[in-house]
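Reviewing the structure listed below.
The values are calculated or read from the model by the stated rules, or taken from the named source; none is laboratory data. Not measured: the values here are computed from a predicted model. Here Cβ is always computed from backbone atoms with ideal geometry, including for glycine, and neighbour counts include all displayed protein chains. When the accessible area is computed, the model is the full protein with side chains, heavy atoms only, and any ligands, DNA or RNA have been set aside. Shrake-Rupley method; radii C 1.70, N 1.55, O 1.52, S 1.80 Å.
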Amino acid sequence: MRVEYINPFVESAYNVLKEVLSVEIVRGELYLKSTSMPVLGVAAIIGLAGDVEGRVLFDMSKATAIKIASAMLQSMEMEPIEELNDMGKATITELANMITGQAVTKLHNLGFKFDLTPPAIFTGDNMEIADTGVEALIVPMDLPFGKIEINVAIRERN
Amino acid sequence: MKTKQDFPSINQRKADGVGSDGNAYRVLIVDDSLFVTKQIGQILTSEGFEVVGTASNGQEGVDSYKELYPNVDLVTMDITMPKMDGVTALEKIMEFDKNARVIMISALGKQDLVKKSLMLGARNYIVKPLDRKKVLERIMMSLSK
Ligand SMILES: [Mg+2]
């Protein structure tokens, strides 16, 4: 996977999380994962298509997802959630959509042409996301609500 | 019974969502995210707009517009959606009503997408994340065009 792909995701994640949640965010060290991986409990996934194929996965524990969704809802004067209900899931997928959208926009301006597909969300305690056969780069982000791992796997088409 | 006297007016400013004829602007919100639909709805209703419909994909958006027409003043249109994307839906709405007021609201800010939407007749293009001020400003700009 080309390194150029990853920075826009790191920057967008940082910017969007900061803007939407108004909290301090600490970027962790990037690392590679090559096999299929168990996820933390809640995973929002967005597909990429065009010059490349791949996907971006936003992985976090259920407790973190509930706290993040609640903070986003409360910033709009809406009720916080206690369980990861439909509104909670919609909130997390929209967060993933905003981060990926901003990253894809940045990449587009650098000359990489691709688009995103509507997000989906998976929850479960013992979930594994199937191996895409592509190495994934992980961007960990530490928030006061817990950790989000942004897992980016992109392969060029030829 | 409550009368108008029970609500002392703090300022006399006209709410943004009310037209010069005293009627609320009627809005159709098209977005596949329940969160965003609620967010936009909240911002608009707090300014006196009336949300007359919501749709969760482009096809549903086009169908709702045709059903509501002519009793709809404004459409907010997401781009990345299942079944039919927002740019295609914009094109179809403009074919049906060349005076339709459609505002794109997307997480994608790619130049070619913005250009294409404006060429097809969108009045404005708002890039997410959304905030109240940004949404209202752009919408008011589009209504006065
Ligand atoms: Mg969408």
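For the protein assembly as shown, the convex hull drawn through the C-alpha positions has a volume of 154 cubic angstrom per residue.
Computed packing ranks the peptides B:109-115, A:70-76 as A:70-76, B:109-115, most packed first, by mean other Cβ atoms within 10 Å. Peptide B:110-118 has a mean shielding of 2, counted as Cβ atoms of other protein chains within 10 Å of each residue's Cβ. Would you mind classifying the stretch B:75-141 by shape? Square roots of the alpha carbon gyration tensor eigenvalues, ordered a ≥ b ≥ c; an a/c under 1.5 is rounded, otherwise it is prolate if a/b is larger than b/c and oblate if not. Because a/c hits 1.5 or more and a/b fails to exceed b/c, the stretch B:75-141 counts as oblate.
Take the accessible area of A alone and of B alone, subtract that of the pair with a 1.4 Å probe, and the total buried over both chains is about 1800 Å². Counting only lysines at least 8 places from A:LYS18 when in the same chain, those with an alpha carbon closer than 17 Å to its own are A:LYS67, A:LYS147, B:LYS128. For the stretch B:23-139, the dipole from Cβ point charges (+1 on Lys and Arg, -1 on Asp and Glu) about the Cα centre works out to 380 debye, to the nearest 20. Put a plus charge on the Cβ of each Lys and Arg, a minus charge on the Cβ of each Asp and Glu, and nothing anywhere else: the dipole of chain A about its Cα centre is then about 360 debye. The residues packed around B:SER56, meaning those with a beta-carbon under 11 Å from its beta-carbon, carry a net charge of -3 if Lys and Arg are +1 and Asp and Glu are -1.
Taking every residue in B:66-73 and counting other chain Cβ atoms within 10 Å of its Cβ, the average works out to 0. Bridging of B:LYS14 to aspartates and glutamates at a Cα separation below 16 Å is possible for B:GLU47, B:GLU50, B:GLU137, once same-chain residues fewer than 8 apart are set aside.
Using C-alpha pairs below 8 Å separated by at least 6 residues, the relative contact order for chain B is 19 percent.
Put a plus charge on the Cβ of each Lys and Arg, a minus charge on the Cβ of each Asp and Glu, and nothing anywhere else: the dipole of the protein assembly as shown about its Cα centre is then about 920 debye. Each pair of Cα atoms in the stretch A:3-156 enters the Kirkwood radius, and Stokes-Einstein at 25 °C and 0.890 mPa s then converts it into a translational diffusion coefficient of 158 µm²/s.
Overall shape of the stretch B:23-139 was characterised from the C-alpha gyration tensor. The equivalent ellipsoid obtained from it has semi-axes of 18, 17, 13 Å, in decreasing order. In straight-distance terms, cross-link reach from A:LYS113 covers every one of the lysines whose alpha-carbon lies under 19 Å from its own, apart from those fewer than eight places away in the same chain; here that gives B:LYS110, B:LYS115, B:LYS116.
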